[in-house]
1. If I filter region 105-116 for residues that are at pLDDT 85 or above, under 22 Å from residue 69 (Cβ atoms) and touching a helix residue (DSSP H, G or I) at 6+ places or on another chain (Cβ under 6 Å), do I get at least one hit?
2. May I ask you to verify whether residue 70 is at pLDDT below 90, closer than 27 Å to residue 122 by Cα and loosely packed, with under 12 Cβ neighbours inside 10 Å?
3. Restricting attention to region 211-223, report how many residues are buried (at least 17 other Cβ atoms within 10 Å of the Cβ) and free of Cβ contacts under 8 Å to residues at least 60 places away in the same chain.
4. Quick one: is residue 11 free of Cβ contacts under 8 Å to residues at least 24 places away in the same chain and assigned to a loop (DSSP other than H, G, I, E, B)?
5. In this structure, does residue 41 turn out to be modelled with pLDDT under 90 and within 14 Å of residue 87 (Cβ to Cβ)?
6. In this structure, does residue 99 turn out to be surrounded by fewer than 18 Cβ atoms within 10 Å (Cβ to Cβ), in the same structural domain as residue 44 (by TED's automatic domain parsing) and either at pLDDT below 90 or more than 11 Å from residue 4 (Cα to Cα) (or both)?
7. Here is a check on your reading of the model: is residue 86 part of a loop (DSSP other than H, G, I, E, B) and either closer than 16 Å to residue 19 by Cα or assigned by TED's automatic domain parsing to the domain that holds residue 7 (or both)?
8. Among the residues of region 27-66, how many are crowded, with 19+ Cβ neighbours inside 10 Å, without any contact (Cβ under 8 Å) to a residue 40 or more places away in the chain and closer than 25 Å to residue 240 by Cβ?
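The values are calculated or read from the model by the stated rules, or taken from the named source; none is laboratory data. All values reported here derive from a predicted model rather than from experimental measurement. Glycine also receives a Cβ, built like all others from the backbone with ideal geometry; neighbour counts cover every protein chain displayed.
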């Protein structure tokens, strides 16, 4: 379960903001798309959603494992979502899903993915279900439980708390959301909790062309991935992004 442990260490475990299945899957796909090693040109969210129509990934015991496979090499990538209220996922046993473990699988990593999925199934089955995760009071408790699962089934040692503080975990889980409102003559307004980052982006002369490309880009020590764009008039698009600290 190395990729699962890496995901937890890198901040790709989040409390899902919605109990809507599609919205939750898109949120997790955006986290994986923000990883620097993610394959460019792959619309992971659409690939995941199309596969869900053919084969629902909610099997049983409150867990779903949506995934998408692509040709070639690359890293096996993972993102995890916790839903304390549960998602009506259409699972085989009719139960709500409280834990979504999403995978991006290059073809060369197929066997590694199958091993990891088997280990995850064994961890869940050994506990009967994910009730302890479903009833957790906060995401920190979920993180510790999942780290215990992963570290008990892999030879990879977890990071120490000091090491985590220097990485993506120093941000809110899953990254920093922000909105960029653009106008004419290079004017823009950036809305996010990090005021210094917002001020720097508002003055960045190279930001507008990067936003128009709608591809992930790196600026100011962050990697930015677009989650969506809303155009209120041709001159004032609003870009919805997530920022992940580059370590």
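1. Yes, region 105-116 contains a residue that is at pLDDT 85 or above, under 22 Å from residue 69 (Cβ atoms) and touching a helix residue (DSSP H, G or I) at 6+ places or on another chain (Cβ under 6 Å).
2. In short, no.
3. Summing the residues that are buried (at least 17 other Cβ atoms within 10 Å of the Cβ) and free of Cβ contacts under 8 Å to residues at least 60 places away in the same chain in region 211-223 gives 3.
4. Judged against the criteria, residue 11 is not a match.
5. no
6. no
7. Judged against the criteria, residue 86 is not a match.
8. Qualifying residue count for the region: 2.
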